[in-house]
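Since the structure comes first, as structure tokens, the remarks are kept for the end.
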Amino acid sequence: MIGKLNHVAIAVPDLEASAAVYRNVLGAKVSEPQDEAEHGVTVIFIELPNTKVELLYPLGDHSPIQGFLDKNPGGGIHHVCYEVENIYEARDRLKSEGMRVLGDGEPKLGAHKNPVLFLHPKDFCGTLVELEQVPSAA
Ligand code: CO
């Protein structure tokens, strides 16, 4: 069911310092910061040859990653995102297997303007999983 690894998201306490590490030390292609107000994060995209890394920084007073940073002040891996061809089929299959879909279970538009869902970390090896519908996912 799952296709490619779309991205690994890392919550960071200092966006510029983290971007500089990827840009200057690791020599990666690093985007400008992008505010995602509806998701409560500022994101920097790092393009690797086979996937992406997203640096997440809290935006606003109710950012969903603030609690994570409170527990992990130095930052850390926040979630992994896998591509699926059809997010509704994926959701229904997961629910039929007893997996917990976060929120109201309806896909929302993610940072790449594709529908996304988040799955409960306790059902997936302690890792928050994002599913993103990508038309070309195989
Ligand atoms: Co993500």
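Values quoted throughout were computed directly from the atomic coordinates according to the rules given, and no laboratory measurement underlies them. Bear in mind that the values here come from a model prediction, so they are computed numbers and not experimental data. Note that each Cβ is placed from the backbone with ideal geometry, even for glycine, and that neighbours are counted across all protein chains shown.
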To test your reading of the geometry: what angle, between 0 and 90 degrees and rounded to tens, separates the Cα axis of helix 87-96 from the longest principal axis of the chain?
60
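Of 29/71; 52/95; 4/95; 4/108; 4/71; 29/113, which ones are farther than 25 Å apart at the Cα? The partial results should precede the final answer.
Working: 29/71 29 Å; 52/95 28 Å; 4/95 21 Å; 4/108 20 Å; 4/71 29 Å; 29/113 21 Å.
With Cα atoms farther than 25 Å apart: 29/71; 52/95; 4/71.
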So for the stretch 1-63: antiparallel DSSP bridges make up what percent, rounded to the nearest 5?
70
What does the convex hull of the Cα atoms of the chain come to per residue, in Å³, rounded to a whole number?
112
Beta carbons within 10 angstrom, averaged per residue: use that to sort the peptides 54-64, 24-34, highest first.
54-64, 24-34
Could you give me the ³J(HN,Hα) list for the stretch 11-27, computed from phi with Karplus coefficients 6.51, -1.76, 1.60 and θ = phi - 60°, whole Hz, x at Gly and Pro?
7, 10, x, 9, 5, 5, 5, 5, 4, 5, 4, 5, 6, 8, 8, 8, x
